[in-house]
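Participant: Got a structure for you, questions after.
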Amino acid sequence: MIINSSNFKRSLNDIKNNKFLHAVTFITIMLSILIVGTFVLFASNAGELLDSWKSGIKVIVYLENNISSSEKDRTRLEIRDFEEVEDVLYVSGEKGLEDLKNQMPRQKAIFENLKINPLPDSLEVYLKKDKKDIGVIENLAAKIEKFQSVTEVEYGKEWIGRFVKIISFSRLAAISMGAVFFMVTVFIVANTVRLALYSRKEEIEIMKLVGADDRFIKSPFYIQGILHGFTGGAGGLLLLFILFFIFSSNISHDFSSLIIKIKFISFKTLLSILFCSTLVGWLGCYISLKQFLRNT
């Protein structure tokens, strides 16, 4: 492909002469990138949120009511010896109730009517940083449940499992949607270039008769394809950012207490999306040119 001012000018002239056709291609690429980018944005933020929650995960071990202090200490020390465990803290029922009151200041009436403390003594089990995978936590909980001094083990299994499924689904959806839109957009770009080629068939035949090589003929169309892919991708990402800014601004007041803030797609991911979008334009052009020049 030869890129010079002459070929670039020929590409722009063709775009001006077929505005509607090229506008449809641009809008298709832009909307495709917008949809795929939305899934990528959700998946990246959900992944960060899960990682943030994982960093604060602790396993709560509830103890039997009628066991001695020595049995409680022995249970704590045995659990602390597990390779997954960083530390184990003992929390009495009284301390647990006091912490609960501090966490729920607006529900004081509930605690005032309590005649007995419903909370048992417990152990807070903190895991090592590299041992906070859901599978590791499940295995640890299963081992702790076998202790005779333990009545129940709680670690948020249901919400962690559901959230992991949501993230996995969103990532799969992003990949699937990306693949579908990639193929559809390549097809649309290929058709756009093919129509432009047939509209200039006589001109191309004359150019070949006077000695123009395939590179000279192909270059303006490759430039068009790359321009479609790049500008369409940039337009889709810009529209995604505008929608993200509006959305994040509207929810910032309601969710200001969230541990993790909603973030836009990373710069590296933006470049990857833009590259794929440009590749779509080039590939659509390549397919059309290959078929057209073979038949002329």
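Just so you know, all these numbers are worked out from the coordinates, no wet-lab data involved. Bear in mind the structure is a predicted one, so any value in this text is a computation, not a measurement. Please note: Cβ atoms are built from the backbone with ideal geometry, for glycine as well, and neighbour counts cover all protein chains shown.
Participant: Among 277-286, 39-48, 10-19, how do they line up by average Cβ neighbours within 10 Å per residue, starting with the highest?
Facilitator: By packing density, highest mean first, the sequence is 277-286, 39-48, 10-19.
Participant: Mind sorting Ser266, Ser288 by how few other Cβ atoms lie within 10 Å of their own Cβ, fewest first?
Facilitator: Ser266, Ser288
Participant: Right, another one. From the phi of every residue in the stretch 83-94, what ³J(HN,Hα) in whole Hz does the Karplus formula 6.51 cos²θ - 1.76 cosθ + 1.60 yield, where θ is phi - 60° and glycine or proline is x?
Facilitator: 5, 7, 8, 8, 7, 9, 10, 8, 10, 6, x, 5
Participant: Another one. For Phe187 and Val210 in the same chain, what is the full-extension length gain: residue separation times 0.36 nm, less their Cα-Cα distance, in nm?
Facilitator: Here the answer is 5.1 nm.
Participant: Which entries in the list Lys9/Lys268; Lys58/Lys143; Lys19/Lys208; Lys95/Lys143; Lys128/Lys263 go over 20 Å, if you measure between the two C-alpha atoms of each?
Facilitator: With Cα atoms farther than 20 Å apart: Lys9/Lys268; Lys19/Lys208; Lys95/Lys143; Lys128/Lys263.
Participant: Check which residues have an amide H placed less than 5 Å from Glu152's amide H, if you skip close sequence neighbours.
Facilitator: Tyr62
Participant: Here is a follow-up. Run the numbers for Leu239 and Phe20: contour at 0.36 nm per residue of separation, minus the present Cα-Cα distance, in nm.
Facilitator: Result for the pair: 76.8 nm of gain on full extension.
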